[in-house]
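Take a look at the structure set out below.
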Amino acid sequence: MELHPGVVYRFLWSPRGPWAVHAVQARLAGRCELGLEVLQAAGRKGGGQGRERVSDMVARDAGRVLAAVNADFFTAEGAPVGVEVIDGVVTSSAERPTFAWRPGAPPWMGSAQEVPGGLHLGWPTGGPSDATVAVGGFPDLIDESRRVGDLEVEARPSFAAARHPRTAVGWDVETDALWLVAVDGRQPPYSSGMTLPELAGLFEALGVEEALNLDGGGSTALIAQGLLVNRPSDDTGERPVVNALALVRSTEACR
């Protein structure tokens with residue numbers, strides 16, 4: 001399903017897991033009418049805490065958001081565990097794996113560094129015209145086309161080596177394509193979810209050179225054209241989360 005020229009939603013199913021994969025591919029090369037934004041739960045605006053469903057965050061930007069996925073892990077109080085940057089303003093800081101983007105530049109994934117006055121995310125944040133957006137995740141899956149270590153399998157086997165619903169973001173350097181991925185899980189025979197090595201293998205099959213795992217489990221949600229397209233695993237449906245990474249229509253870079 002085409003969401004916008006060069007932006008496609010795909011559903012993939014494999015009996016191997018079984019796995020049900022929802023993916024949005026967006027080709028960003030030479031584009032100025034597409035951008036990325038970090039959406040916050042309503043209660044967090046102005047420095048507060050709280051959680052909200054991704055579909056409700058998207059609904060407030062109806063028409064602008066082409067696709068969105070849940071982003072960072074969060075505390076019980078409703079605050080991100082890792083980095084969050086909105087229009088160059090650091091709203092949450094941590095030296096953890098991070099996905100960052102700014103207009104006119106390719107996405108960056110790596111470990112955020114706290115420096116005086118802000119963060120270094122492949123570039124320094126906080127300049128007068130800085131439009132950086134960033135969200136945290138854990139762990140890095142693929143860096144320069146190579147899997148990152150054992151993907152936490154030994155240290156956190158129940159998290160990494162067991163199959164769970166997963167959300168992740170990837171970047172194909174050669175084609176300038178961004179991938180937003182949600183894998184359903186805990187729902188056999190429809191979909192059991194993926195281990196982190198299996199998730200890394202999915203990105204390898206897609207030809208992605210950089211990938212970061214985001215919050216998963218019951219938090220996994222992918223919205224496309226305003227609709228929740230995956231099947232959240234919680235009995236109560238879509239889980240409220242603290243933030244989301246959204247692909248949006250934007251003319252800022254064009255101007």
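Mean silhouette area of segment 48-154, derived from the convex hull of its C-alpha atoms and averaged over all directions, reads 8.6 nm².
For the chain, what relative contact order do you get, as a whole percent, if you take Cα pairs closer than 8 Å and at least 6 residues apart? Provide the component values of the computation, followed by the final result.
Numbers: 682 pairs, mean separation 76.2, N = 255.
About 30 percent, as a whole number.
Given the -39500 (n - 2.57) contribution per DSSP H run of 4+ residues, what per-residue ellipticity at 222 nm results for the chain, rounded to the nearest 500 deg cm²/dmol? Before the final figure, lay out each step's value.
Working: 3 runs with 21 residues, N = 255.
Calculated mean residue ellipticity at 222 nm is -2000 deg cm²/dmol.
Taking the average, over residues, of other Cβ atoms within 10 Å as the packing measure, peptides 212-222, 158-168, 28-38, 241-251 rank 212-222, 241-251, 158-168, 28-38 from highest down. Judged by the ratio a/c of the largest to the smallest principal axis of the C-alpha gyration tensor, segment 25-249 counts as rounded, that ratio being less than 1.5. For segment 50-112, the set of GluC sites (Glu not before Pro) satisfying both a DSSP loop assignment and a count of at most 11 other C-beta atoms within 10 Å is given as 77. Net charge dipole, the chain: roughly 620 debye, given to the nearest 20, about the Cα centre with Cβ charges of +1 for Lys and Arg and -1 for Asp and Glu.
Let me spell out the model: positive unit charges on the Cβ of Lys and Arg, negative unit charges on the Cβ of Asp and Glu, origin at the Cα centre of segment 111-255. What dipole size does that give, in debye rounded to 20? Show your work: numbers first, answer last.
Details: 10 positive and 21 negative charges, 99 e Å.
Dipole size: approximately 480 debye.
Please list the equivalent ellipsoid semi-axes of segment 16-85, computed as the square roots of five times the alpha-carbon gyration tensor eigenvalues, in descending order and whole angstrom.
On the way: eigenvalues 114, 72, 31 Å².
They are 24, 19, 13 Å, listed largest first.
Residues 16, 239, arranged from fewest to most other Cβ atoms within 10 angstrom of their Cβ, appear as 16, 239. For segment 168-255, chymotrypsin sites (Phe, Trp or Tyr not before Pro) meeting the loop criterion (DSSP other than H, G, I, E, B) and having at most 15 other Cβ atoms within 10 Å: 190.
Relative contact order (percent) for segment 119-255, with alpha-carbon contacts under 8 angstrom and 6 or more residues of separation?
Details: 216 pairs, mean separation 34.0, N = 137.
Across segment 119-255, relative contact order equals 25 percent.
Rule-based calculations on the coordinates, nothing more; no lab input. Here the structure is a predicted model, which means the values were calculated and not measured. A quick note on method: Cβ atoms are made from the backbone with ideal geometry, for glycine too, and the neighbour counts reach across all protein chains shown.
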